[in-house]
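Read the structure below first, then the notes.
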């Protein structure tokens, strides 16, 4: 008799039971394997798009003719931005463009799904490529702190390879992919002043 996992006896009653059991086990293994693959892709395992969390949002720099419904206006420095669900829109050429907000701009409430973390014992908040600190009763847009680690960056980033290593640049902020608890996250390694 050959030593083969899929070799079955078709001639005995026990062989048919063994065949059914083996096929059931094989199906179970395939189902579990495919569920684990889907979960790994959804939650950061393996290779994935850095913008997976924001994949349904237009990329930074996208021009739109009309603002999304319920976007509200925020005056800042003689100009104004519109804000909706964590993303900022600024006037551009008789329409609007999705853009990073200027440092110092403040909002009253953080968008749903924000990430909070501490750097040097100081609390920060992140959503959609924008970093905030809590100031009074508001949240102020600040420069990304070096060493901040986020799970996703919005679309519109530039992918750069240097000496075989991949980096991502969005709005002048440079990120490098790192492994964190078996998932790919993105660390801020360079932060500009806007």
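The values are calculated or read from the model by the stated rules, or taken from the named source; none is laboratory data. None of the values given here were measured: they were computed from a predicted structure. Heads up, the Cβs are rebuilt from the backbone with ideal geometry, glycines too, and the neighbour counts pull from every protein chain shown.
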Residue under question is residue 89, and the condition is that it be more than 18 Å from residue 60 (Cβ to Cβ) and without any contact (Cβ under 8 Å) to a residue 60 or more places away in the chain; does it hold? no
Tell me, please, whether a residue that is farther than 21 Å from residue 188 by Cα, assigned by TED's automatic domain parsing to the domain that holds residue 179 and in a strand (DSSP E or B) can be found in segment 123-144. yes
Which numbered condition residue 184 fails, given (1) outside any loop (DSSP other than H, G, I, E, B); (2) at pLDDT 95 or above: (2)
Failed item in (1) over 28 Å from residue 134 (Cβ atoms); (2) modelled with pLDDT of 70 or more; (3) not in a loop (DSSP other than H, G, I, E, B), with residue 80 passing the rest: (1)
Do the conditions hold for residue 178, that is, is it touching a strand residue (DSSP E or B) at 6+ places or on another chain (Cβ under 7 Å), in a loop (DSSP other than H, G, I, E, B) and either in the same structural domain as residue 125 (by TED's automatic domain parsing) or farther than 10 Å from residue 50 by Cα (or both)? no
Residue 192 vs (1) in contact (Cβ under 8 Å) with a residue 24 or more places away in the chain; (2) within 22 Å of residue 61 (Cα to Cα); (3) in a strand (DSSP E or B): all pass except (3)
Answer with yes or no whether residue 155 is modelled with pLDDT under 95, outside any strand (DSSP E or B) and in contact with a helix residue (DSSP H, G or I) (Cβ under 8 Å, 6 or more places away or on another chain). yes
Reported set for segment 99-117 where residues are over 23 Å from residue 51 (Cβ atoms) and in contact with a strand residue (DSSP E or B) (Cβ under 7 Å, 6 or more places away or on another chain) is 104, 106, 108
I'd like to check something: does segment 101-114 contain any residue that is within 21 Å of the chain's Cα centre (by Cα) and either outside the structural domain of residue 80 (by TED's automatic domain parsing) or not in a loop (DSSP other than H, G, I, E, B) (or both)? no
